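Here's the structure, in structure tokens; my notes come after.
The values are calculated or read from the model by the stated rules, or taken from the named source; none is laboratory data. This one's a predicted model, so the numbers in the text were calculated from it and none came from an experiment. Heads up, the Cβs are rebuilt from the backbone with ideal geometry, glycines too, and the neighbour counts pull from every protein chain shown. The accessibility values were calculated without ligands, DNA or RNA, using every heavy atom of the protein model including side chains. Shrake-Rupley method; radii C 1.70, N 1.55, O 1.52, S 1.80 Å.
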Amino acid sequence: MNLRTVSRNVGYALLVSALFMLLSVLVSFAEGNDSACAALIISFTITFIVGIFPFIFVRKTSEITLKEGYLIITLSWLLSFIFGMLPYALWGGPFTLSNAWFESVSGFTTTGATILENVEALPDSLLFWRASTHFIGGLGVVVFLLLLIPGSSPMRMKLTNMELSSLSKSGYSSRTNKTVYIFAYVYLGIGAAAFISYLLAGMPFLDAVCHAMSVCATGGFSTRNLSIAAFDSRLIEGITMVFMYLASIHFGLVFLCFVNRSLKPLGNPILKFYTLCLVAVALVSGLSLKLSGVETSLGRALWDGAFQTVSIASTTGFAIADNSGWPLLSNVLLMFMAVMCGCAGSTTGGIKADRVLVLFKSLGRHIGRILHPSSVNEIRLGRRVLKLEEVEPQILYIAVYCFLLAVSVLLALAVGVNGHSAFAASVSSLGNVGPAIEELGSMGNFNSLNATAKLLFTADMFLGRVEIYPLFAVVAMIFDGRRRK
């Protein structure tokens, strides 16, 4: 394995972080050198020097092996987490080392869970950096790297295949080396449209920038303690719902709608299934809020139910109401959506609606074969017939995901997290959702958890963001190397 090649490519990821740290410094200057200025300048300097170092001393190469590719992906994320925590740790305040690590991992993985009890106490430059970690992580530190590599490079092809799952690539109707550009175009387009919409709706400039970066990344870091509720605007809430939904569907479908100037691509069966789940859960949650007396107005109950459903399913985590006092039925449905989440090919986490639909269709096929052994039962997604070798990896992923979820719950209980919080935080962290239920709900935070629990949940966030397999591959490489020695 050529570690020089690995270090050179990981350097790209650090330089991206350094760039946004520099932008945060400029925000600090614009605010009259706020209290985070020194912390951000030091963080930028350290990150830039470490990131640029391989480009000075390591010769450029266009070839990487499979093992090197997986190591590049894993180290790019891990080092982004480490250097991303510097502005928090150097600024101080509530940011102990464990809290700074938690906030950094939650930001880059677009989970959006926070340890902050008073977000508004942070200087504007640090709020911008928090939102920037979402923006970087939503597009992906490796995708930033891929955008810098020439399209004809074999390295680009290999890293694209490793970074994007087969589900993510299936809807682009394009060559692999164009997929990254399409993803970036749609991602930036959603972010820009959200920013303009927020400004037109009356949101202050910095708030609009930070919330736009969060919503396109389906992250959820807000500049306000009350999240979207702080603006007390149905228009802003509606805009947020629209962009949370757009950011949670397959970017390839969004791209095709604009290119073909047609809504026909939205007839995709996976999108229909996902949208139907959203509508059903939102409706039942809203009715539950009204019938339980949490909301006296049916309109407000349905609105709150719809917003929170889209927020959880899209893994964004913005809030307009506190779900800690919601009835059990509503919170159970939200936890189901937090496990499934949005569509592949978007910035969402979780199992993905694609795999859940494949699971249901596989179950239907199996029951059909039991009832009619001689019949031909195929698994179809629209006009496409799925082969067995396409179905098995998706079912296996669901099994692995559920196994890791169970392990996380057990470990959380072992380190002192109470029962409900152990399950809710594990679901939220592994799915990159952010808020959960009860004290960890939409208006809550993770600050009350001990340092070991925070470390556990950041491991869940990392596993969920890279979709498990790349990290498993690196661990297998390490143990395989030890056995050979």
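Just one of the listed residues (Leu40, Leu14, Leu71, Leu26) is out of contact with any strand residue (DSSP E or B) (no Cβ under 6 Å at 6 or more places or on another chain), part of a helix (DSSP H, G or I), loosely packed, with under 14 Cβ neighbours inside 10 Å and of a type outside the set (Val, Ile, Thr), namely Leu26. Checked against the criteria, Ala344 counts as of a type in the set (A, V, I, L, M, F, W, C), open to solvent by less than 40 Å² (accessible area, probe 1.4 Å), in contact with a Lys or Arg (Cβ under 8 Å, 6 or more places away or on another chain) and closer than 18 Å to Thr218 by Cβ.
This table checks each residue for (1) surrounded by fewer than 24 Cβ atoms within 10 Å (Cβ to Cβ); (2) more than 18 Å from Trp101 (Cα to Cα); (3) small (Gly, Ala, Ser).
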{"position": "Asn418", "(1), (2), (3)": "yes, yes, no"}
{"position": "Ala424", "(1), (2), (3)": "no, yes, yes"}
{"position": "Ser428", "(1), (2), (3)": "no, no, yes"}
{"position": "Asn432", "(1), (2), (3)": "no, no, no"}
{"position": "Glu438", "(1), (2), (3)": "yes, yes, no"}
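The residue pairs whose first member lies in the range 362-378 and is free of Cβ contacts under 8 Å to residues at least 40 places away in the same chain and surrounded by 11 or more Cβ atoms within 10 Å (Cβ to Cβ), whose second member is outside any loop (DSSP other than H, G, I, E, B) and of a type in the set (Lys, Arg), and whose beta carbons are closer than 7 Å, counting only pairs six or more residues apart or on different chains, are Asn377/Arg365; Asn377/Arg369.
For the condition of a type in the set (Phe, Trp, Tyr) and assigned to a helix (DSSP H, G or I), Phe318 does not qualify.
Considering the conditions (1) in contact (Cβ under 8 Å) with a residue 24 or more places away in the chain; (2) out of contact with any Asp or Glu (no Cβ under 7 Å at 6 or more places or on another chain); (3) part of a helix (DSSP H, G or I); (4) polar (S, T, N, Q), Ser35 is excluded by exactly one of them, (3).
Tell me yes or no: at least one residue of the range 355-367 is touching an Asp or Glu at 6+ places or on another chain (Cβ under 6 Å) and not in a loop (DSSP other than H, G, I, E, B). Within the range 355-367, not a single residue is touching an Asp or Glu at 6+ places or on another chain (Cβ under 6 Å) and not in a loop (DSSP other than H, G, I, E, B). Checking every residue in the range 265-277 against the condition of being modelled with pLDDT of 95 or more, within 28 Å of Leu381 (Cα to Cα), open to solvent by 20 Å² or more (accessible area, probe 1.4 Å) and of a type in the set (Val, Ile, Thr) gives at least one match.
For the range 1-53, a residue qualifies if it is over 27 Å from Glu120 (Cβ atoms), at pLDDT 85 or above and over 27 Å from the mean Cα position of the chain (by Cα), and the qualifying residues are Thr45, Ile49, Ile52, Phe53.
Taking the criterion of being acidic (Asp, Glu) and in a helix (DSSP H, G or I), the only residue of the range 369-389 that qualifies is Glu389.
The criterion of being among the acidic types (Asp, Glu) and either crowded, with 18+ Cβ neighbours inside 10 Å or under 24 Å from the mean Cα position of the chain (by Cα) (or both) holds for Glu103.
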